[in-house]
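The values are calculated or read from the model by the stated rules, or taken from the named source; none is laboratory data. Please read all numbers here as calculations on a predicted model, not as lab measurements. Here the Cβ is made from the backbone with ideal geometry for all residues, glycine too, and neighbour counts use every protein chain on show.
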Amino acid sequence: MTEEALLILADVALDCPGRDAFSYLVPEELRPKLQVGDAVQVPFGRRVQQGFVIAIREAPKPEYTVRPIEKRLDHVHLPAPLIRLIRWAASYYRCSLGTFLSAAVPTAVRDATALKKLRFIRKDEAFDGKLTKRQQQVWEQLPIEQITFADGCKKTGCSAGVLDRLIESGAVSLTVDDSVQEHVLNVAQENHALTDEQQVAFDAVSARLDDGGNETFMLYGVTGSGKTLVYMDLVDQVIAAGQQTLLLLPEIALTPQLAARFRGRFERVVVWHSQFTAGERHKQWQDVRAGKVDLVIGTRSALFAPLTNIGLIIVDEEHEHSYKQDSTPRYQGRDLAIMYGVQCDVPVVLGSATPSCETIKNARDGKFSVLTLRKRPAGGSLPTPIVVDMREECQEQKKQVTVSRALIEHITRAKKRGKQSIVLLNRRGWSPIVHCASCGHSLSCEACDVSLTWHKGPQLLRCHYCGHEGGLPKVCPACSQPALTTKGMGTEQLCHALSKEIEGLRVLRLDADTVSKRQGHAQLLSAFGDREYDCLVGTQMVAKGLNFPNVTVVGVVAADHGLAQPDFRAAERTFQLIAQVAGRAGRGKDAGTVIVQAFDPEAPALFCALRIKPKTFYNGELELRERYGYPPYTGLIRIVWRGEKLQEVESLALEQGQRLQACAENLPILGPGPAGIAFLKGQHRWHALIKAGSRGAAQAFLARLHEAGGLPERRGVKIMTDVDPYAFS
Ligand code: ADP
Ligand code: ZN
């Protein structure tokens, strides 16, 4: 028998849908150092691609030709726990491993050349060391302010070498992209002693940290109950044990205060989100990877920070839907965090004042341990709610009313006493509808099946789905009458109405239109915090994480607006939004008031949020979910087909609908049929919803579907598979 020489092969995950890994030869020189988790560059077809080594093995020469790895990217190596997490996630969310990995590790990190472009230099004006004549010349030509390395060469006409030497000699300093400094909020350091309740919560998690092992806690604490202080003391303990904490927040931009509070107490903190520049992200990644960080605070993508020694995972505001990513890979950050805790064998804390129905059910089933905070340690009681039935209000005032008398009165009174108010209206722009008073036609987007919103400030009609903008036509496009009028109210109009009704009221608007630049939120919020305004009006942004002790009045306009959404979570969402925004009032010594305007004030979601009867709400809601077969009692999968030609979309959806049926084994399938928004960004959309008895059953269905050939795309039609969907229209 001839002895066959064995080859060393590496399985490399590449960003390529449908297949997890491809085999490559490990060249001689890489053999001693190449490891699982390394980023490499490999030939793929006629191109070169970056990917990650997920296995290294000895094998006989395969029948196909294997090409060698071109090079190893020395600066990127994924820790083993992270690879394990992403492997699980890729399989669960039906995304190829390589695609998931490349989404998890930002291009900025993999691509070292991005860094060079983002190097900044600044000349040291006080420098008085020795320079060559040429160096001196260049040094003098450099401007005083910071510029990029490349601009430095351009401005002075020197080579990179000259600048390099100036940097070496100290005449010029080099920084790797810190061009955009974060707007740091000033917060006092928090070191309060824990209250009894907080102590009980802390002790439970602390004991688990001491003993080791995984346990998931639901930290159910009313708004203002001091969950953050519990987190902080836990972080302390984890640091003392030489380990790291991962703290997830729904949206960093909306919670600058919280990040600032942690920064106020801990030093080796990294704030991690996708809005940083390439250079910043690269630096953060390297710092975390090198173990220079004790605490990573970030949005869902922070799950993929390359932590090597995780001791604790915290998910704050665990009920927030922004934990679900709405593009591939469509993972749920909270759910992945729970799995990460299991895999790393560490505790997970899920904090919320309004937990998700999923978490409540897990707690009731005994899967999660329950910790409760009922009191507000800083004083301040939960506000008294006043409900305004807008049907009656309109009748009594004999006109179309937008802002009720009660709301105006309370905001006015607060202002007189030097107090502030917050008003929530979850709709931006001036009016959500522009229609023709003559023929009834309403203006909709050309590319989407949705109505256009009128923005009065910039005098533009905007589509909030595709971003399309246009001017207001003079006449109705349908009947040519000059009879176009607006209908309904958005935040822009509400601000106008409030300033008109209340003399001298200084109103600040906080929504996606007033916040554009990276630091916009933080700046607007600190202006409000500094009492430059009396009233903050905004979309759901104002409901989140804010802690302004001077706010005594909270208003909610069109509170039942969200209940009309075709989404089984609509009631839960409304309940949470109202309870959260109501929790912004009365954070200080003065009692707070909440005024809620609704057309259907008896809707359970409103009623329970306002009467502070969460148990009643969860009981009723869970019962409905069970009866109608929705999560947390089932596992859902949504399939969306989309394309430019309706005919193609429809025929593929119907055809593949049969395959879904064939694999369903009696699971109910809704559709395929046209999606709620049947036309979006120029594409027709069809969808189907599979309701499996559990998430496990949903996975089993997907496995059967995969066996049967899956749902291959066809020319002109894209297919999306969403596991545990949060969007249904
Ligand atoms: P939550 O995150 O639960 O909404 P916070 O952590 O924002 O609540 O706490 C609300 C306020 O109570 C903060 O101003 C915080 O400093 C204060 N606070 C929290 N715990 C204590 C405590 N043990 N003693 C005094 N003040 C506290
Ligand atoms: Zn559009």
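Below, the figures for the structure above:
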read-out: Index of the failed condition, Leu295 passing every other in (1) touching a residue at least 60 places away in the same chain (Cβ under 8 Å); (2) surrounded by fewer than 22 Cβ atoms within 10 Å (Cβ to Cβ); (3) out of contact with any Cys (no Cβ under 7 Å at 6 or more places or on another chain); value: (2)
read-out: Residue list for segment 580-599, restricted to those being surrounded by fewer than 24 Cβ atoms within 10 Å (Cβ to Cβ), under 19 Å from Leu407 (Cβ atoms) and modelled with pLDDT under 85; value: Asp590, Ala591
read-out: Selection from segment 466-513 of residues that are hydroxyl-bearing (Ser, Thr, Tyr) and over 30 Å from Asp530 (Cα atoms); value: Ser480, Thr485, Thr486
read-out: Lys474 being in a loop (DSSP other than H, G, I, E, B), assigned by TED's automatic domain parsing to the domain that holds Ala579, over 30 Å from Gln576 (Cα atoms) and basic (Lys, Arg); value: no
read-out: Matching residues, segment 430-471, being more than 14 Å from ligand 2 (Cβ to nearest atom) and assigned to a loop (DSSP other than H, G, I, E, B); value: Trp430, Ala437, Ser438, Cys439, Gly440, His441, Lys456, Gly457, Pro458, Gln459, Gly471
read-out: Selection within segment 13-39 - of a type in the set (A, V, I, L, M, F, W, C) and within 29 Å of the chain's Cα centre (by Cα); value: Ala13, Leu14, Cys16, Ala21, Ala39
read-out: Conditions (1) in contact (Cβ under 8 Å) with a residue 40 or more places away in the chain; (2) surrounded by fewer than 17 Cβ atoms within 10 Å (Cβ to Cβ): number failed by Arg642; value: (2)
read-out: Number of the exception - Ala678 against (1) within 23 Å of Arg704 (Cα to Cα); (2) surrounded by fewer than 19 Cβ atoms within 10 Å (Cβ to Cβ); (3) among the hydrophobic types (A, V, I, L, M, F, W, C); value: (1)
read-out: Gly555 being at pLDDT below 80 and either buried (at least 19 other Cβ atoms within 10 Å of the Cβ) or in contact with a helix residue (DSSP H, G or I) (Cβ under 9 Å, 6 or more places away or on another chain) (or both); value: no
read-out: Answer from Lys399, Lys419, Lys456, Lys415 - the residue that is away from ligand 1 (no atom under 16 Å from the Cβ), under 18 Å from Val515 (Cα atoms) and either of a type in the set (D, E, K, R) or surrounded by 21 or more Cβ atoms within 10 Å (Cβ to Cβ) (or both); value: Lys456
read-out: All positions within segment 494-505 that are assigned to a loop (DSSP other than H, G, I, E, B) and in contact with a strand residue (DSSP E or B) (Cβ under 7 Å, 6 or more places away or on another chain); value: Leu505
read-out: Residue match in segment 17-30 (condition: surrounded by 17 or more Cβ atoms within 10 Å (Cβ to Cβ), in contact with a Phe, Trp or Tyr (Cβ under 9 Å, 6 or more places away or on another chain) and acidic (Asp, Glu)); value: no
read-out: Checklist (1) within 15 Å of ligand 2 (Cβ to nearest atom); (2) within 17 Å of Cys495 (Cβ to Cβ) applied to Asn426, failing item; value: (1)
read-out: Residue that is farthest from Thr228 (Cα to Cα) [pool: residues in segment 375-396 that are touching a Ser or Thr at 6+ places or on another chain (Cβ under 7 Å) and either of a type in the set (Ser, Thr, Tyr) or within 16 Å of ligand 1 (Cβ to nearest atom) (or both)]; value: Thr384
read-out: Every residue from segment 325-352 that is of a type in the set (D, E, K, R) and within 20 Å of Leu101 (Cβ to Cβ); value: Asp326, Arg330, Asp335
read-out: Options Gly467, Gly504; residue that is at positive phi, at pLDDT 90 or above and out of contact with any Leu (no Cβ under 7 Å at 6 or more places or on another chain); value: Gly504
read-out: Complete set of residues in segment 316-332 that are surrounded by 24 or more Cβ atoms within 10 Å (Cβ to Cβ) and assigned to a helix (DSSP H, G or I); value: Tyr323
read-out: Selected residue [part of a strand (DSSP E or B) and of a type in the set (Gly, Ala, Ser)] from Gly709, Gly657, Gly673; value: Gly673
read-out: Residue match in segment 93-101 (condition: surrounded by 15 or more Cβ atoms within 10 Å (Cβ to Cβ), hydrophobic (A, V, I, L, M, F, W, C) and out of contact with any strand residue (DSSP E or B) (no Cβ under 8 Å at 6 or more places or on another chain)); value: yes
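For (1) among the small types (Gly, Ala, Ser); (2) at pLDDT below 90; (3) crowded, with 18+ Cβ neighbours inside 10 Å; (4) within 16 Å of ligand 2 (Cβ to nearest atom), each residue gets a yes or a no:
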| position | (1), (2), (3), (4) |
| --- | --- |
| Ala188 | yes, yes, no, no |
| Thr216 | no, no, yes, no |
| Gly224 | yes, yes, yes, no |
| Tyr231 | no, no, yes, no |
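Matching residues to (1) in a helix (DSSP H, G or I); (2) in the same structural domain as Gln540 (by TED's automatic domain parsing):
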{"site": "Lys367", "(1), (2)": "no, no"}
{"site": "Glu396", "(1), (2)": "yes, yes"}
{"site": "Thr402", "(1), (2)": "no, yes"}
{"site": "Ile408", "(1), (2)": "yes, yes"}
{"site": "Lys415", "(1), (2)": "yes, yes"}
{"site": "Val423", "(1), (2)": "no, yes"}
